[in-house]
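Have a look at the structure below, then the notes.
Derivation of every value follows stated rules applied to the coordinates shown; laboratory data play no part. Remember, it's a predicted structure, so these values are computed and weren't measured experimentally. All Cβ positions, glycine included, derive from the backbone under ideal geometry; neighbour counts span all protein chains shown.
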Amino acid sequence: MLPLVAQRVALGLLTLLAVSVLVFAGTEILPGDVATAILGQSATPEAVEAIRRSLGLEEPAALRYWHWLAGFLHGDLGNSLANGRPIIEQLDFRLKNTLFLASAAASVAVPLSVGLGILAAINQNGSFDRIVNIVSLSAISLPEFFIGYVLILLLAVKLDWFPSLSAISPEMSFGERLYDIALPAATLTLVVLAHMMRMTRAAIIGVMSHPFIEMAFLKGLPRWRIIVQHALPNALAPIINVVAINLAYLVVGVIVVEVVFVYPGIGQLMVDAVSKRDVPVVQACGLIFAGTYVGLNLLADILAILSNPLLRVPK
Amino acid sequence: MAEWDYLKTALAAGRIGRREFMSRAAALGVSAALADSVLAGAAFAAETPKKGGHLILGLNGAASGDSLDPATYTATFAQVLGQQLYNTLTEVDEKVKVQPALAESWEGKPGAKEWIFKLRKGVTFHNGKTLTAADVVYSLNHHRAKDSKSAAKALLASISEIKASAPDEVTITLESGNADMPYIVADYHLGIGPEGTKFDGVGTGCYILESFEPGVRARTKINPNKWRSDRGFVESVETLAINDTTARVNALISGSAHLINRVDPKTVGLLKNNKKVVVHEIAGAAHYTFPMRCDMAPFDNKDFRLAMKYAIDREAIVKTVLLGHGKVGNDQPIATFDPYYAADIPQYKFDPDKAKFHLKKSGFSGQVVLTVSDGAFTGAVDAAQLFQASAGKAGITLLIDRVPADGYWDNVWLKKPFCASYWDGRPTADQMLTVVYKSDAPWNESFWKRPDFDKLLIEARAELDPAKRKQMYHDLELMIHDDSGNIIPMFNNTIDAGASKVKGFVPTPTLQMSGYRATEKVWLEA
């Protein structure tokens, strides 16, 4: 099993390297550079030239990429081109916020969706199954900003239960922060619920047609016990995979929710950096996003291996 | 006039103050005599500013790349935060008149080539250092250096020397006379910091920086040694970055922010019905433009330019794009509140017959392409489509090339023959004309070059006799109106909004958020 894991890790690192080249190439073909983006409409040729010189933008792209990658491997992410502050300082605070929101949303969404999926499978084609499906599919069909605005309108503006802004800061207590992110966490939960719930249900129902399940029925076991004890453990691999994808989405795909709730997360940092052509920041964010995907997929693979005795035992 | 009725009700209910009432009535074009009589009729309690409290501002234009250096300010968040921390030599007030700030008084030598600014005594920076002329010289030169990245560099280009002529006196010498020098040093980029520092937030402003997370928020607290007693009432301030328009309005309604900028005209009506909220709207100097490049065919033909000017339905654009929150433009950039506004220039109206006449005279019969993006101004694409429809009626085939907002200023503006652009107000007519219409201006977006215009502009700048000067600006505006390649369909209103417990907010026509200085002007009622 160890060689299998080592192979996955090596492949993951290779993917990250490829991603860093792609991100760099992508930022290179964007029109304009940081100098013109900083100045916007106020750009004069001499001001642009002055910024280019002071940022070292006249070096060839390949050389700049190499310097950056070498620095990254030494743990130095460099300084932001736009305001000269160390990137690590900006990233630290925002990455923690993003992870905080993602974990809060995940700790509600994952148990809830897997639980609902199991209940729906037990209740297959019953009224509970139908209602859960309709509600969660409606939620996933609506754009995130719409769900966000509806929650703000009802729970912040009309009822005044929660704040409409989630601009948390480090000096707030854990409880205050949790209260402040109630609405964005609820929005994210509604967005990811359907995917995980339906996959859980489908995976379990898929396993239900196997002979060993039929055997369990013939033994006279109740349906809920068959599902929880016999079907679920065999349906874990696809469920783990879909949970991993949704967890990654909670980290990297929440830019819209960040904007609606004014949440200081990493998505906003990346968007700002792209519009300012702040390549080092884009690269750092891009690599963190890629790292999140690769890491969570790796974890999902390993967990899937562990959950499958056939793969667990070496041949 | 619904707006006028609203003003009167707001005044009677005590939701707006005397000064605000007068300035907004003036902005609506109501005569001072009438406004005065309404004021006299309203039972009016004198407003005494209350000290203390925590003020939360919700502003757009924030990015994670923002810095505290005034040379880098380009958008509202940094501009308003900067004015909490720094002062300029002079300030422009709500009536667009220049007022003393760090300079107590000033004097222009005949010919307006040499200006002497006397500094206020006993002003200290947040770090305890006393303000001297050397700090002013250092701070102004920050923008003039050869490798300066400052957007104010062009503004100071005509300066040949800045020197400390005494410990509390700064002398600025110009290459050619400029009667508006006291207005120029009021520019929000020209904040004064202590000599030798890197402009990291230490200034002489009413508020001291406590923390700054770019693109998220800044916290400031009252400066115990502030030099002015007529400003700085709230105890602490939180400036929050809320770039999303809907989120800003939500924050205001739910009480998470006390003052917000740039309200969407679509929501103004709803906000006015909310008793906890006051909308601060004022006709401004900001305007939107469609520059046609006079150095490229077919726009190098004056008749074709005139055909375009008659082929745009300005009224329809103001009604649809601005929802009435603005005024029709007349292809010259000086706003009605400006003392040098030339009121007698005939207003361009949508006139398909005149457009056809000039089109025929120009001899051009092809298509023209208008390159637009909503990055130029909000509603630019809609305005272009309305233009397309009205031009069609005048026999002009206008094609719209819609491009992304990203990179717009870099790839389209000043490059394509015909595009969309915008200008914020400038405090003086000279600045507006110099920045966009002088032949050698780097931002001469219509590439309109007229040596006689440049000559008159430079003469007007040094003219100290107001009557003569007014006539000169009249002639300059007329030249632009008749001949330049800039179509100016509209002037947009500045719309801010605040909680009704925020008092003392007076909108100014030139800039948002009461000239970016709302923070130190307002106070919170219990």
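Points worth noting:
- When exposed loop sites are taken as GluC sites (Glu not before Pro) in a DSSP loop with at most 13 other Cβ atoms within 10 Å, the longest stretch of chain A clear of them is A:172-315.
- Long pairs among A:96/A:276; B:109/B:198; B:153/B:302; B:327/B:361, criterion Cα-Cα beyond 27 Å: B:109/B:198; B:153/B:302; B:327/B:361
- Each Cα pair of the stretch B:87-184 feeds into the Kirkwood radius, which the Stokes-Einstein equation turns, at 10 °C and 1.306 mPa s, into a diffusion coefficient of 114 µm²/s.
- Average Cα contact separation per residue, chain B, under 8 Å, 6 or more apart, as relative contact order %: 21
- For the residues of A:275-282, the average number of beta carbons from a partner chain within 10 Å of their own beta carbon is 2.
- Sequence ranges B:391-398, B:120-127, ranked by mean other-Cβ count within 10 angstrom, highest first: B:391-398, B:120-127
- Hydrodynamic estimate: the Kirkwood radius of the stretch B:185-343 over Cα pairs, inserted into Stokes-Einstein at 20 °C and 1.002 mPa s, corresponds to D of 105 µm²/s.
- Annotation: aspartates and glutamates with alpha-carbon distance below 14 angstrom to residue B:349 (same-chain offsets under eight excluded): B:313, B:315, B:331, B:482.
- Helix A:182-207 vs. chain A, principal-axis angle (Cα, 0 to 90°, nearest 10): 40
- Exposure proxy ranking for A:140, B:184, A:168, based on other Cβ atoms within 10 angstrom of each Cβ and starting from the fewest, stands as A:140, A:168, B:184.
- 222 nm mean residue ellipticity, helices alone, for the protein assembly as shown (DSSP H n ≥ 4; -39,500 (n - 2.57); rounded to 500): -14500 deg cm²/dmol
- Rounded if a/c under 1.5, otherwise prolate or oblate - chain A, Cα gyration tensor axes: oblate
- Sorted peptide list for A:111-122, A:150-161, criterion being average Cβ within 10 angstrom, highest first: A:111-122, A:150-161
- Charged-residue dipole, Cβ positions (Lys, Arg, Asp, Glu), the stretch B:164-235 about Cα centre, Debye nearest 20: 400
- Long-range Cα-Cα pairs in the stretch B:287-492 (distance over 25 Å), rounded percent: 34
- Cα Rg, Dmax, the stretch A:59-121, angstrom units: 19.8, 60
- 5 angstrom amide H check on residue B:56, placed H, neighbours 5+ away: B:238, B:258, B:259
- Counting Cβ atoms of other protein chains within 10 Å of each Cβ in A:161-168 and taking the mean gives 5.
- Cα-only Debye scattering, the protein assembly as shown: base-10 log of I(q)/I(0) at q = 0.07 Å⁻¹: -0.63
- For the stretch B:442-526, Kirkwood radius (reciprocal of mean inverse C-alpha pair distance, Å): 16.5
- Out-of-range pairs (alpha-carbon distance over 24 Å; input B:354/B:468; B:276/B:503; B:416/B:449; B:113/B:149): B:354/B:468; B:113/B:149
- Choice from A:230, A:74, A:195 with maximal GNM fluctuation in chain A (Cα, 10 Å cutoff): A:74
- Average beta carbon contacts from partner chains per residue of B:404-412, 10 Å cutoff: 5
- Residues with amide H under 5 Å from that of residue B:243, placed H, sequence gap 5 or more: none
- Protection proxy ranking of B:326-337, B:503-514, B:133-144, by the mean of other Cβ atoms within 10 Å over each peptide's residues and highest first, is B:503-514, B:326-337, B:133-144.
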